[in-house]
């Protein structure tokens, strides 16, 4: 039996991917980037008999945290985790005002991500990798046993995250991709914040912005 089941959702005005992940043996679940419509994510967890205890944010842009408040209203306790370099962004509502959105950012993050941190979810282990560039505190979550990396808005299928918003840094983004993504096994699946799944090997070969 796999140690990790993944349910993906594409939600909200920016068509952002949210990921409900769980160890099916124990029913312990987390939501990686609760993008929007937290009630939709919660309903799926309840249908599967999973207990959501954690919100893990790759970064704090509004379209990645927009569903957090609805989840927090329905679940208690619910722990939120974010790199401290993105707390300023969380406090400002994820920068939603730039795009005409005023969101409730949900529960204040009480777990601070750091590079090399190991998160345990049932039998599944996730390695936190700090990957600044899109935002100063951007992180990816790598589950080696399942060969999957949740990479937020760092890299996409055939593209990369934008760096023109406050805190963005192109040189840091490129360095993060080369050092923290392209060093993973080529068959590692990349589940991004937008768009379809890709793999490390495919992006190293074909990504036009950061070729391998």
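The values are calculated or read from the model by the stated rules, or taken from the named source; none is laboratory data. All values derive from a computational prediction rather than experimental measurement. Ideal geometry is used to build each Cβ from the backbone, glycine not excepted, and the neighbour counts take in all protein chains shown.
Couple of notes before you dig in:
- Picking from residues in the stretch 13-34 that are part of a loop (DSSP other than H, G, I, E, B) and touching a strand residue (DSSP E or B) at 6+ places or on another chain (Cβ under 6 Å), the one that is nearest to residue 195 (Cα to Cα) is 33.
- A single member of 82, 78 is modelled with pLDDT under 95, touching a helix residue (DSSP H, G or I) at 6+ places or on another chain (Cβ under 8 Å) and within 29 Å of residue 180 (Cα to Cα), and it is 78.
- Looking across the stretch 143-159, the residues that are within 17 Å of residue 175 (Cβ to Cβ) and part of a strand (DSSP E or B) come down to 149, 151, 152, 155.
- Among the residues of the stretch 51-84, those that are closer than 13 Å to residue 138 by Cα, free of Cβ contacts under 8 Å to residues at least 60 places away in the same chain and part of a strand (DSSP E or B) comprise 81, 82.
- The lone exception for residue 94 - which of (1) out of contact with any strand residue (DSSP E or B) (no Cβ under 6 Å at 6 or more places or on another chain); (2) within 26 Å of residue 170 (Cβ to Cβ); (3) at pLDDT 95 or above it fails: (3)
- In the stretch 26-47, the residues that are touching a residue at least 40 places away in the same chain (Cβ under 8 Å) and on the phi > 0 side of the Ramachandran plot form Cβ pairs under 7 Å with partners that are outside any strand (DSSP E or B) and buried (at least 24 other Cβ atoms within 10 Å of the Cβ), at six or more places apart or across chains, as follows: 33/57; 33/58; 33/64; 33/193.
- Positions within the stretch 1-12 being modelled with pLDDT of 95 or more and either outside any loop (DSSP other than H, G, I, E, B) or out of contact with any strand residue (DSSP E or B) (no Cβ under 7 Å at 6 or more places or on another chain) (or both), in sequence order: 5, 6, 7, 8, 9, 10, 11, 12
- Of all residues making up the stretch 101-139, the number that are assigned to a loop (DSSP other than H, G, I, E, B), without any contact (Cβ under 8 Å) to a residue 60 or more places away in the chain, buried (at least 22 other Cβ atoms within 10 Å of the Cβ) and touching a strand residue (DSSP E or B) at 6+ places or on another chain (Cβ under 8 Å): 3
- Meets criteria (surrounded by 20 or more Cβ atoms within 10 Å (Cβ to Cβ), modelled with pLDDT of 95 or more, within 21 Å of residue 63 (Cβ to Cβ) and under 15 Å from the mean Cα position of the chain (by Cα)) for residue 152: yes
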